[in-house]
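Enquirer: I'd like to ask some things about the structure below.
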Amino acid sequence: MAVRVGVIGAGIMGADHARILSGSVAGAELVAVSDPDEARRKAVASAFGVERTYSDALDLIGDSGVDAVIIASPDPTHKPYALACLDAGKPVLCEKPLATSPADCLDLVRREVGIGRRLIQVGFMRRFDPGYVAMKTALDSGDLGAALIFHCVHRNKQEIGYTTSEGLIANSAVHEIDIARWLLEDEPSRAIVVAPKSSKLASVRDPQILILEMASGPVVEVEVFINAQYGYDVRGELVCERGTVALEPRSDMIVRREGFEGVRHGTDWRGRFADAYRLELQAWIDALGVGGAAGASAWDGYAATAVATAAVEALTSGAPTDIRMEPKPAFYS
Ligand code: ISE
C-alpha cells in the first residue's frame, strides 16, 4: 500500500515537493495539502489532484488518512508541527532548518529519543545529490588520502524578500554546514565569518565568507553570495593529500558562439538539485516502507542549527566563535 503523504505549506518548496511526490516517487501518494493561504493551497491541490485541503496544518497532521508528513512551511513553524507529528506517531520530513534555535532542536531530539524510533528526517537534500555522493565515495575510497580543505561556493541569483544578513548563514550556508559534517564525518569546532565589501545590488551584508575549523583538522571555506546575478551556482572542491575531487557543475548544454562557450545556470535551487530532491523523497518513502529512516536525522538538524548559530555570532561579533554542542545521544550512533 502506498504511503499517504500530506504536505504542510504550499509555497515554493511545498509545491515542489507536491509535484515530485505526485509524479516521481514510487510507493507514495499525495493525499493532502495545508496552507493558511486559500489560493495557494487550492492551486497546489488542483495542480496535483489532491482532494483534502486544510488551512490549519494541525488538522492535516491529525487526519487519519495521512500516514506521513512533509513540513515545508515557514521556519518558525517547523518545531510545533514536528512535535505534533511526533505526538501523532507520524514520520515527518522537515525542510531545513529543523528549528530556529539549538534549544528548540534539542526539544525535538529528546522527544524522538523518548519515543525510541526515528520519525524525523531533515531536508538536507544535498546528501542525495549524485555529485556530492560521488565526492564522498571518492574520499571514502582512501585513494585521495586525508581531506585537508573543502572549498565551497554557494551563489543565488538574487536575494528574496525575507533575506537578512544572518540568513546567508542560517538559511543558505547551512547546506554547506550539513554537507561538510556528512562528507568529512567530523564536527566543526570553530566558526569564522568574514564580510567583504557588500554588493551594491544587495540589501544585506552580501557576500560573506564562512570558515569552519573541523575538530580533526580540515578547514571548510564557503563563499556565500545571494545576489550573484548571473544565476544559481553551487560548487565544491575537496582538497586531499594525494589529489582533489570537485563537483562538476550540472549543465544540460554548452553554447559556443562568436568566440565564446558557456553553460546555462538556473534561477534557483530546484533545477540544480532536482535529482537530489527526488532521490531524497524516494529514500524517505523507501525507508518508511521497512519501518526505518533515511537521510539527515533530528540530531543532524540540531548540529546544523548549532553551528549556524555560532557562525551568526561570529558574523555579528567579527571574532572567531567556538561551537558548543551537546553530547550526541547513542540513539543516533
Ligand atoms: C534556500 O532556502 C535553500 O534551501 C536553497 O537550497 C539554498 O541554495 C538557498 O540559498 C536558500 O535560500
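The values are calculated or read from the model by the stated rules, or taken from the named source; none is laboratory data. The structure presented is a predicted model; accordingly, all values stated were derived computationally and were not measured. Cβ sites come from the backbone with ideal geometry, for glycine too, and all protein chains shown count toward neighbours. Calculation scope for accessible area: heavy atoms of the full protein, side chains included, ligands and nucleic acids excluded. Shrake-Rupley method; radii C 1.70, N 1.55, O 1.52, S 1.80 Å.
Enquirer: Give the residue, chosen from 97, 80, that is without any contact (Cβ under 8 Å) to a residue 24 or more places away in the chain, over 28 Å from residue 1 (Cβ atoms) and under 21 Å from the mean Cα position of the chain (by Cα).
Expert: Criteria check complete, one pass: 80.
Enquirer: Return a yes/no flag: does region 248-265 have any residue that is buried (at least 16 other Cβ atoms within 10 Å of the Cβ), of a type outside the set (Gly, Ala, Ser) and out of contact with any helix residue (DSSP H, G or I) (no Cβ under 9 Å at 6 or more places or on another chain).
Expert: no
Enquirer: Something else: Could you grab me the full set of residues in region 244-263 that are touching an Asp or Glu at 6+ places or on another chain (Cβ under 8 Å), outside any strand (DSSP E or B) and without any contact (Cβ under 8 Å) to a residue 24 or more places away in the chain?
Expert: Within region 244-263, 249 is the sole residue that qualifies.
Enquirer: Right, next: Is it the case that some residue within region 176-185 is open to solvent by 30 Å² or more (accessible area, probe 1.4 Å), within 16 Å of the ligand (Cβ to nearest atom) and under 25 Å from residue 276 (Cα atoms)?
Expert: yes
Enquirer: Another question about this same structure. Please give the number of the condition residue 264 fails out of (1) charged (D, E, K, R); (2) closer than 18 Å to residue 180 by Cα; (3) away from the ligand (no atom under 13 Å from the Cβ).
Expert: All conditions are met except number (2).
Enquirer: Inside region 1-65, counting only helices (runs of 4 or more DSSP H) that do not spill past its ends, which hold 1 or more residues that are touching a residue at least 60 places away in the same chain (Cβ under 8 Å), buried (at least 24 other Cβ atoms within 10 Å of the Cβ) and in the same structural domain as residue 97 (by TED's automatic domain parsing)?
Expert: 12-24
Enquirer: If residue 78 passes every condition in (1) out of contact with any strand residue (DSSP E or B) (no Cβ under 8 Å at 6 or more places or on another chain); (2) within 16 Å of the ligand (Cβ to nearest atom) but one, which one does it miss?
Expert: With (1) out of contact with any strand residue (DSSP E or B) (no Cβ under 8 Å at 6 or more places or on another chain); (2) within 16 Å of the ligand (Cβ to nearest atom) applied to residue 78, the lone miss is (1).
Enquirer: If I filter region 273-284 down to residues being within 14 Å of the ligand (Cβ to nearest atom) and open to solvent by 30 Å² or more (accessible area, probe 1.4 Å), which single residue comes out as nearest to residue 128 (Cα to Cα)?
Expert: That would be 275.
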